[in-house]
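Presented below is the structure to which this report refers.
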Amino acid sequence: MVRIVFRSVVFFWLLVGVLASCKKMDLTPTDRFTELNFWESGENVNNALNNVYNRMYNSQLFFYNEALSDNAYTRLGISSGFPDVITSGSFTTTLARFIDEWNYYYTGIKAANIFLDNVDKNKTLDAPTKERMKAEVRFVRAFHYFKLTNWWGDVPLLKTDISPDDAKTIGRTPKAEVVKFITDELDAVAAILPTNVQYSANDRGRITKAAAKALKARVLLYQGNRMAEVVAICEDLMNNQSANGSYSLVPKYEDVFSPTNEYNSEVILDLQYVPNLRTWGEYIDFAPLSAGARSNNMAPTQELVNSYVMLNGKRINETGSGYDENNPYAGRDPRLAATVVYNGATWRNANGTTQTIYIKPGSDPDASAKNEYKASGQGTATGYYWRKYYDPTATAGFNSGLNLILIRYAEVLLMYAEAKNALGQMTQEVWNKTIRPLRVRAGFTDPAALSFPSTGDLTAIIRNERRTEFAMEGLRIDDIRRWKIAEQVLNGWTHGAKFGDPSVDNGYLRVQLRNFDPSRHYLWPVPAAELGKNGNLSQNPNY
């Protein structure tokens, strides 16, 4: 079972060091595990596999990458991976975020390679089980390489474990070659992995055949020039569920992220957590202060709020939308209220009671005015708080065991719509399979919002649908980079609610002045520390 306490974590990482740096011993002690006999134990193999899973991704990256995009802002970057420094454009190649993330993925790749290089030493597990385990590990390794190519482009491709000395000499592999390795690996493991319905209840959370195919679709979508392949994969996932597993949209949008609805029909891949044992706690800095948060370290932007269309499907600045700037949250896409806490919103507490969240300065009848916007202090910097992924079952300090979803069926639908549109094949039939069911599920009823648009920019509509559907799920920064619109949306002022000087930006708070230089910021710099250790590594352009 994947969702378990990760036992023998410390021992395994000590063993990683042994395998990486020690010479083989002549004798094998029989009273303890060593480099020579570690893999003979089936329990050790399972623990090693769990540690590979544990290294796949983490909650801090999942949430705080949103602040690298135009969806969110954080003003306390030192504790959250420096997104504010990156978005301001004031970083250098020595920024800790770069070396930390580079090391994070390569540590995960090393653990995967050690597993793959050694697991066949085990003679107690049956061959099909070991093949499935290797497929799971190969998937995680491919996931790491995908993340690396998104940030750095060309990166060293390590298919087996290498020595510390070799690590100081290896160069960067062209991105196209790394992407081919990723997609080839995902094809191979998809042929091995079970479907979600083939796994037992005790194995819920393991990587599946559909996860491998959906990740391949995302990888190809991000390349921008392989849309026909994306269409084929998505059609396979949508139309051939007897072979790929059973997936469908959850009827209510907010239920997708509810702790009472974990492992729901929409989840293709998620990060596994266990209440009271393996938890994440970022929400202590996301929720309204009156709900028990200690501060606000990341808040939604006005730009994100503005992206939610009206119930008639029109953007707020379109003629006939019905948008009222004095009542800005009325008549909007219901996913706004499910994602963002705005002034006057109702918050349901863990004990079942409710409270009104007063954020506009001077609006709270309680003198403490905990949630009100202030130019400085512990509260929101933008005039908004988060609601999505709030876990009312979390323990003290907002420590949650709720799984975090990395890939869900809604993305398959939107990848399909985007790819069909890019090929000039977006039709009413495709719309009715993709955008329409997502909007119905969200709560739209107006035919104008549900019908295939006869006019308008379909590309903009599909991209905006992706933004509002997946806000706070970490996809936006990759999207604006692959669409090459970062210089449009990450330059100039990021804004908050209309609580400011009416003579400046019509009263919308100026939160951060951002700078994105397209000549270099589409790739991160190779960390200076890595260049110092390895003269064969090259730097990305203009750093």
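The values are calculated or read from the model by the stated rules, or taken from the named source; none is laboratory data. Every value quoted in this text rests on a predicted model; they were computed, and no experiment measured them. Don't worry about glycine lacking a Cβ; one is built from the backbone with ideal geometry, like all the others, and counts go over all protein chains shown. Ligands, DNA and RNA are excluded from the accessible area calculation, which covers all protein heavy atoms including side chains. Shrake-Rupley method; radii C 1.70, N 1.55, O 1.52, S 1.80 Å.
The helices (runs of 4 or more DSSP H) located wholly in segment 422-514 that include 2 or more residues which are modelled with pLDDT of 95 or more, open to solvent by 10 Å² or more (accessible area, probe 1.4 Å) and among the basic types (K, R) occupy 435-442, 458-469, 476-482. Taking the criterion of being among the hydroxyl-bearing types (S, T, Y) and out of contact with any Leu (no Cβ under 7 Å at 6 or more places or on another chain), the residues of segment 89-122 that qualify are S90, T92, T93, T94, Y104, Y106, T107. Do we have any residue at all in segment 396-404 that's at negative phi, in contact with a Pro (Cβ under 7 Å, 6 or more places away or on another chain) and either among the aliphatic types (A, V, I, L, M) or in a loop (DSSP other than H, G, I, E, B) (or both)? Yes, segment 396-404 has at least one match.
If you go through segment 490-530 and pick out every residue that is in contact (Cβ under 8 Å) with a residue 60 or more places away in the chain, out of contact with any strand residue (DSSP E or B) (no Cβ under 9 Å at 6 or more places or on another chain) and either under 15 Å from G383 (Cβ atoms) or among the aliphatic types (A, V, I, L, M) (or both), you end up with 6.
Residues in segment 374-403 that are under 14 Å from K498 (Cα atoms) and open to solvent by less than 40 Å² (accessible area, probe 1.4 Å): T380, A381, T382, G383, Y384. The set of residues from segment 37-61 being open to solvent by 10 Å² or more (accessible area, probe 1.4 Å) and in contact with a Lys or Arg (Cβ under 7 Å, 6 or more places away or on another chain) comprises just one member, E40.
For segment 168-185, does any single residue satisfy the condition of being at pLDDT below 95, out of contact with any Asp or Glu (no Cβ under 7 Å at 6 or more places or on another chain), assigned to a helix (DSSP H, G or I) and among the polar types (S, T, N, Q)? Scanning segment 168-185, I find no residue that is at pLDDT below 95, out of contact with any Asp or Glu (no Cβ under 7 Å at 6 or more places or on another chain), assigned to a helix (DSSP H, G or I) and among the polar types (S, T, N, Q), so the answer is no.
T279 falls short on exactly one of the conditions (1) open to solvent by 50 Å² or more (accessible area, probe 1.4 Å); (2) under 30 Å from L458 (Cβ atoms), and that condition is (2). Residue selection: T301 fails the criterion of being in contact with a Phe, Trp or Tyr (Cβ under 8 Å, 6 or more places away or on another chain), open to solvent by 50 Å² or more (accessible area, probe 1.4 Å) and either more than 24 Å from Y416 (Cα to Cα) or among the charged types (D, E, K, R) (or both).
I need the full set of residues from segment 232-241 which are outside any loop (DSSP other than H, G, I, E, B) and modelled with pLDDT of 95 or more, in order please. First the steps, then the outcome.
The first filter runs over segment 232-241 and keeps only residues outside any loop (DSSP other than H, G, I, E, B), leaving 232-239, 241.
A232, I233, C234, E235, D236, L237, M238, N239, listed by residue number.
Can you tell me which residue in segment 310-341 is farthest from N296 (Cα to Cα), limited to those that are of a type in the set (S, T, Y) and either touching a Gly at 6+ places or on another chain (Cβ under 8 Å) or open to solvent by 40 Å² or more (accessible area, probe 1.4 Å) (or both)? That would be T319. Checked against the criterion of being closer than 30 Å to L414 by Cβ, at pLDDT 95 or above and in a loop (DSSP other than H, G, I, E, B), the candidates V197, V189, V219 yield just one match: V197.
Of everything listed in (1) of a type outside the set (S, T, Y); (2) touching a Ser or Thr at 6+ places or on another chain (Cβ under 8 Å); (3) surrounded by fewer than 18 Cβ atoms within 10 Å (Cβ to Cβ), the single unmet condition for I357 is (3). Quick check on segment 89-123: of everything there that is aliphatic (A, V, I, L, M) and assigned to a helix (DSSP H, G or I), which residue is farthest from the chain's Cα centre (by Cα)? Across segment 89-123, the extreme among qualifying residues is V119.
If only residues of segment 171-198 that are out of contact with any Leu (no Cβ under 6 Å at 6 or more places or on another chain) and among the hydroxyl-bearing types (S, T, Y) are counted, the one that is surrounded by the fewest Cβ atoms within 10 Å (Cβ to Cβ) is T195.
When segment 110-148 is filtered for residues that are of a type outside the set (D, E, K, R) and open to solvent by 20 Å² or more (accessible area, probe 1.4 Å), the ones remaining, listed by number, are L116, T124, L125, A127, P128, T129.
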